[in-house]
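Following: one structure in structure tokens, then a few remarks.
The values are calculated or read from the model by the stated rules, or taken from the named source; none is laboratory data. These figures come from a predicted structure and were not determined experimentally. Every residue, glycine among them, receives a Cβ derived from its backbone with ideal geometry; neighbour counts consider all protein chains shown. For accessibility, only protein heavy atoms count, side chains too; no ligands or nucleic acids. Shrake-Rupley method; radii C 1.70, N 1.55, O 1.52, S 1.80 Å.
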Amino acid sequence: QVQLVESGGGLVQAGGSLRLSCAASGRSFSSYVMGWFRQAPGKEREFVAAITWSGDNTYYADSMKGRFTISRDIAKNTVYLQMSSLKPEDTAVYYCAAKDQSGRPPRYNYWGQGTQVTVSS
């Protein structure tokens, strides 16, 4: 059974940093893209960043580029989102997701439970 478990969220002051973790288990993720999304109350879910499990290619939403860094540790089956220079508008529930690139069509069909990030001003 595929499981994605996020951790590392919490309360931080504007300008501060947090590192989120996503522990992935249940299968080989060699053909997967691992992504981070976020959703604030009353707003749609928003793409944050993604990384290919095998190729280490990264992708970022424009508003996050330069402040957020996605990475993964294959040995630990863990994906990270390092967040710096946090702003109050970054406050949201952050979700880890997995997309099988070999799927037809490929889609993010595995999701974690989310972790709350709150940035105070």
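Calculated accessible area for the range 45-109 comes out at 53 Å² per residue, all protein chains present (probe 1.4 Å; ligands, DNA, RNA ignored).
Working from Cα pairs under 8 Å separated by at least six residues, relative contact order for the chain is 35 percent. Each peptide in 20-26, 109-115, 59-65 gets a packing score, the mean of other Cβ atoms within 10 Å over its residues, and the list from highest to lowest is 20-26, 109-115, 59-65.
The range 73-114 and the range 1-39 have Cα centres spaced 5 Å apart. Measuring nothing but protein heavy atoms, the accessible surface of the chain at 1.4 Å probe radius is 45 percent carbon and sulfur.
Per-residue Karplus couplings for the range 41-47, computed as 6.51 cos²θ - 1.76 cosθ + 1.60 with θ equal to phi - 60°, are listed in order as x, x, 10, 6, 4, 10, 5 Hz, Gly and Pro entered as x.
For a bin width of 5 Å, list the pair-distance distribution of the chain built from all Cα-Cα distances, rounded to whole %. Histogramming the chain at 5 Å steps yields 2, 12, 23, 25, 20, 10, 5, 2, 0 percent. As a calculated quantity, the FRET efficiency between Asn57 and Gln13 at R0 = 25 Å, using C-beta atoms, amounts to about 0.15.
Between Gln3 and Gln101, take the C-beta separation as r, use R0 = 22 Å, and let me know the FRET efficiency to the nearest 0.05. Efficiency for this residue pair is about 0.65.
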